[in-house]
Amino acid sequence: MPDHDHAIAELQRRVQDLEDRLALMQILATYGPAVDSGSAAPTARLWTDDGVYDTFPAVLHGRAAIAGMVSGELHQRLIHAGAAHLQGLPHLEVDGDRAVATAYSQLVLRDEATDSFRIWRTGVNRWEFVRTAQGWQVTHRVNRQLNGDAEARNLLGAAVDEGRAQDGG
Amino acid sequence: MPDHDHAIAELQRRVQDLEDRLALMQILATYGPAVDSGSAAPTARLWTDDGVYDTFPAVLHGRAAIAGMVSGELHQRLIHAGAAHLQGLPHLEVDGDRAVATAYSQLVLRDEATDSFRIWRTGVNRWEFVRTAQGWQVTHRVNRQLNGDAEARNLLGAAVDEGRAQDGG
Amino acid sequence: MPDHDHAIAELQRRVQDLEDRLALMQILATYGPAVDSGSAAPTARLWTDDGVYDTFPAVLHGRAAIAGMVSGELHQRLIHAGAAHLQGLPHLEVDGDRAVATAYSQLVLRDEATDSFRIWRTGVNRWEFVRTAQGWQVTHRVNRQLNGDAEARNLLGAAVDEGRAQDGG
């Protein structure tokens, strides 16, 4: 039944796309629990072996560097005082075995003096992914603070670029 | 094979519903990057030609008015000082070619003096959508601040209305 | 056509998994609108009849206790002054008729004096679910503040546990 062959293949393609999108969301939803629990290896495993995390002014190259950030003194001090690395609803673009997520992130810190939490950082992230035999992994993440500099606005703008949108993207 | 016909049609309906939900999430995930990058046309294109954005006390009618908000002096000043328009996880209801999302939003501003970010606004949004030949578009968005007024609570309550829930909604 | 039988059964399994994940997200997206509108019964219905909400130091047992929290004086005072119970992007694990979501939550309160909103609470939540004839329901939710205590970090760490991840989880 060629009609069934065609319908099933089309469904398989659509279901794969949905699975890809939820898998990418899951990576963003894993990042906070990984770093805020101080889980260095699970954090690093979100990236490819040679993945990059560019979080100005630091640029971390490879899993060992990313794990080192989590184990490092600054990060450990933050999470032992109370810290939440929140990730926003991602804008997703999937193109075969590559994908990009654009999402806000916030770093919220416990402030005992005021019995509340302070937003220390609010930035935009461009996450680039590759499909591997172990599922989607991050090849490159760049994080820039929304402090008025053009760089963060440009990262946000790339997700809604008009030229591409007018091409039907 | 009528059994296969039936099973395939049922799968197509379920996959369409999933695609609809992810497409609606994507619209909310696009709004922030569009406005915070100052991208007026991509923001306006999220709405239908005659779509409405009711953000008290302003009520913007149509794409030109929505684009004008993004290009306007107040908005430009905010994003050049550092601003993030965050959208929360949406409660979704899809009914054929119409849909409603209920979600929180926050406007977070850079505060250099305290090296942190301040939440200027936290509100609830009711987004109403229509399915068009170009995909889902916003017909009406109403935003109300959670400042204790009943109006915002009523918008939230509409998403969890008991009468509808008891009908199996 | 056994090939079609197999392909259709596989698609049905994959679509069910996607539907489960979106249904679990919808529960988290319903919680805020339910409590912030003061909708006691819709809040309680998210749980099983004997479901538990452990929000230190209170441990609420069953729907009546959960509804009572929403109707109670403290909660009513908060929502009449302006309150938002925000839920983050959930990390999801589905295993047959059981599921776990790990997600951040924030309680944001209107602060008229500074024309802004204050983050009173930021915590981690482990939501445990069971599939019922009425859909997914919460059997147990534990909420712990990210105030530097190990308990919250341990809840986050459980979502990214290495032993399980190395088993292919």
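The values are calculated or read from the model by the stated rules, or taken from the named source; none is laboratory data. Because the structure is predicted, anything quoted here is derived from the model rather than measured. Heads up, the Cβs are rebuilt from the backbone with ideal geometry, glycines too, and the neighbour counts pull from every protein chain shown. Note: accessible area is taken over every heavy atom of the protein model, side chains too, but ligands, DNA and RNA are not part of it. Shrake-Rupley method; radii C 1.70, N 1.55, O 1.52, S 1.80 Å.
For segment B:60-67, the condition holds for at least one residue, the condition being that it is in contact with a helix residue (DSSP H, G or I) (Cβ under 7 Å, 6 or more places away or on another chain), open to solvent by 50 Å² or more (accessible area, probe 1.4 Å) and at pLDDT 95 or above. Counting the residues of segment A:27-53 that are of a type in the set (D, E) and either crowded, with 16+ Cβ neighbours inside 10 Å or in contact with a Cys (Cβ under 8 Å, 6 or more places away or on another chain) (or both) gives 1. Working only within segment A:53-74, note down all residues that are touching an Asp or Glu at 6+ places or on another chain (Cβ under 9 Å) and within 19 Å of A:R144 (Cα to Cα). Those that are touching an Asp or Glu at 6+ places or on another chain (Cβ under 9 Å) and within 19 Å of A:R144 (Cα to Cα): A:F56, A:L60, A:H61. Within segment B:95-115, the set of residues being surrounded by 17 or more Cβ atoms within 10 Å (Cβ to Cβ) and within 11 Å of chain C (Cβ to nearest Cβ) comprises B:A101, B:T102, B:A103, B:Y104, B:S105, B:Q106, B:L107, B:V108, B:L109.
Only one of the listed residues (B:T132, B:T102) is of a type outside the set (F, W, Y) and touching a His at 6+ places or on another chain (Cβ under 6 Å). That residue is B:T102.
Before we move on, is A:H80 touching a Leu at 6+ places or on another chain (Cβ under 6 Å) and within 11 Å of chain C (Cβ to nearest Cβ)? Answer is no for this residue. All conditions in (1) surrounded by 22 or more Cβ atoms within 10 Å (Cβ to Cβ); (2) within 12 Å of chain C (Cβ to nearest Cβ); (3) under 18 Å from the mean Cα position of the chain (by Cα) hold for A:V70, with the sole exception of (1). Listed here are the strands (runs of 3 or more DSSP E) enclosed by segment B:46-149 that have at least 2 residues being in contact (Cβ under 8 Å) with a residue 60 or more places away in the chain, under 30 Å from A:L109 (Cα atoms) and polar (S, T, N, Q): B:135-145. Selection of segment B:1-12 for residues being out of contact with any helix residue (DSSP H, G or I) (no Cβ under 6 Å at 6 or more places or on another chain), part of a helix (DSSP H, G or I) and either within 15 Å of C:R14 (Cβ to Cβ) or of a type in the set (A, V, I, L, M, F, W, C) (or both) yields B:A9, B:E10, B:Q12. Just one of (1) facing chain A (nearest Cβ under 7 Å); (2) open to solvent by 20 Å² or more (accessible area, probe 1.4 Å) fails for B:A9. It is (1).
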